[in-house]
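Chemist: Here you go, one structure.
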Amino acid sequence: MSRIGKLPINVPQGVKLTLEGRLVKVSGPQGNLKLDIRPEIKLEIKDNVVTVSKNEETRAASELFGLTRTLVANMVKGVSEGFTKRLDIVGVGYKADVQGNVVNLALGYSHPVKYELPAGVQATVEKQTGIILKGPDKQMIGQVAANIRSLRPPEPYKGKGIKYSDEVVRRKAGKAGKAGGK
């Protein structure tokens, strides 16, 4: 039995969690999220505490047990606190700007790159070289961050590009053959 799956989920004040058949709906100050639960999993809501259990003892139910608990816990945390992801832009002349729901990026190409944010994701820019993504859906925030990073991933020689704030870019040595001579 999964250690993560057995943990109860406490629903904080201001968050409303409802179960309609197999559909879990969570609403709170940061937004609304919903998730379709598989038939192998059962959810019980009692006194602002959600517990996840298995309907049957199969391999599929065991695989989905901890996953479902984590997804519901992330939904509860997302609508109450929200999730953030930070990207850093490294390189001379590289910068970002936000206008409405469009992130404008200057990444050394011959043209500016425009990235349109999906609904539910907000972006702010600090000092033109840092992008902070915020929203209630953890998966959506991670996907948007990965899409923006893929526009100019960091290169190993000078470290230029877009990287996650906690990412460490492994650097390579440049050409060394010129100094040795023959």
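Chemist: Suppose we keep only residues that are of a type in the set (Ser, Thr, Tyr) and open to solvent by less than 90 Å² (accessible area, probe 1.4 Å) within the stretch 92-116. Which one would you say is farthest from residue 158 (Cα to Cα)?
Modeler: Going through the qualifying residues, I end up with 115.
Chemist: Looking at the stretch 1-27, which of its residues are open to solvent by less than 90 Å² (accessible area, probe 1.4 Å), closer than 21 Å to residue 120 by Cβ and either touching a strand residue (DSSP E or B) at 6+ places or on another chain (Cβ under 7 Å) or without any contact (Cβ under 8 Å) to a residue 40 or more places away in the chain (or both)?
Modeler: Result: 11, 14, 15, 17, 18, 23, 24, 25, 26, 27.
Chemist: Determine whether residue 102 is more than 30 Å from residue 43 (Cα to Cα) and touching an Asp or Glu at 6+ places or on another chain (Cβ under 6 Å).
Modeler: For residue 102, the condition - more than 30 Å from residue 43 (Cα to Cα) and touching an Asp or Glu at 6+ places or on another chain (Cβ under 6 Å) - is met.
Chemist: Got a sec? Which strands (runs of 3 or more DSSP E) wholly within the stretch 96-182 have at least 3 residues that are at negative phi and of a type in the set (A, V, I, L, M, F, W, C)?
Modeler: Ranges flagged: 102-106, 130-135.
Chemist: Could you tell me which residue of the stretch 37-91 is most open to solvent (accessible area, probe 1.4 Å), considering only residues that are touching a strand residue (DSSP E or B) at 6+ places or on another chain (Cβ under 6 Å) and among the acidic types (Asp, Glu)?
Modeler: 44
Chemist: Scan the stretch 115-143 residue by residue and report those that are closer than 17 Å to residue 101 by Cβ and touching a residue at least 40 places away in the same chain (Cβ under 8 Å).
Modeler: Hits for the stretch 115-143 are 120, 131, 132, 133, 134, 135, 136, 137, 141.
The values are calculated or read from the model by the stated rules, or taken from the named source; none is laboratory data. Predicted, not measured: the structure shown is a model, and the values here were computed from it. Reconstructed Cβ throughout: ideal geometry from the backbone, glycine too, with neighbour counts over all protein chains shown. Areas reflect the complete protein model, heavy atoms only, side chains present, ligands, DNA and RNA absent. Shrake-Rupley method; radii C 1.70, N 1.55, O 1.52, S 1.80 Å.
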